[in-house]
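No lab work stands behind these numbers, since they all come straight from the coordinates. Not measured: the values here are computed from a predicted model. Don't worry about glycine lacking a Cβ; one is built from the backbone with ideal geometry, like all the others, and counts go over all protein chains shown.
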Amino acid sequence: MCGILGAILAEGVTPGGLSVVAADGLTALQHRGTESSGLVGSNGVHRAHFEVVKGGGYVREVYNDENLSKFKDSIAILGHNRYSTAGMKTAINCIQPFIVHTTVGLMAIAHNGELVDANRKRNEILHSGVGLSTDTDSELIAQIISKSVALNMNSRQNDSNYGDISKGPEKDDPTINDYGGGIDAYVISGLCIAEL
């Protein structure tokens with residue numbers, strides 16, 4: 001059981017307070033994990049760099065005004081409170097979210113639960129030549145996603161029938177589906193992103 005939070009600034013909103021919202025959200029999720037907490041933020045411009053703050057203990061012990069100021073330009077943040085089910089409990093390299101170097105670039109990932117048959121998957125990944133820096137399931141998931149994305153990207157280059165984001169009447173904007181209650185959702189090949 002872990003607590004996971006993701007936040008993305010709405011278009012046109014000036015960056016600045018997202019880290020405080022994320023830290024407050026993780027505080028509200030503290031009951032889902034008390035061993036450690038971590039935040040990863042992106043400014044959306046430098047795709048080869050994420051801001052990171054991680055530490056052991058309760059949310060209030062990990063974050064402060066000084067380290068949250070690292071996220072002043074972030075437009076997207078991923079946070080995680082850990083209650084471990086696999087991997088070392090206190091090692092700093094086991095505190096999520098993870099930033100993983102993959103064949104498709106940097107990826108930040110947070111995960112809750114246990115991966116079925118993790119040892120077999122770990123051995124497959126290691127035997128394919130990919131190094132792992134933790135003993136947690138989440139890093140395995142990132143590498144599995146990376147492999148899948150790379151295969152799909154290759155498939156898209158070779159298959160003109162690959163599903164793409166729906167285009168609206170202007171052909172420049174994604175189709176917006178209004179599901180009521182002020183929720184607009186963008187559906188991209190099974191991924192749903194909502195704005196509340």
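Look at the dipole of the range 3-162 built from charges on Cβ: of A10, L39, N64, the Cα furthest out on the positive end belongs to L39. For E114 and V149 in the same chain, what is the full-extension length gain: residue separation times 0.36 nm, less their Cα-Cα distance, in nm? Full-extension gain reported as 10.4 nm. In the range 61-115, the convex hull through the Cα atoms has an average projected area of 5.2 nm², a quarter of its surface area. Please work out the Cα center distance from the range 112-128 to the range 6-61, rounded to the nearest Å. The range 112-128 and the range 6-61 have Cα centres separated by 27 Å. Take the Cα of T27, step 7 Å toward its Cβ, do the same at I99, and the gap between the two points is 2.6 nm. Pairwise Cα distances in the range 3-162 exceed 29 Å for 23 percent of all pairs. Between the beta carbons of E61 and E124, assuming R0 = 45 Å, the FRET efficiency works out to 0.75 to the nearest 0.05.
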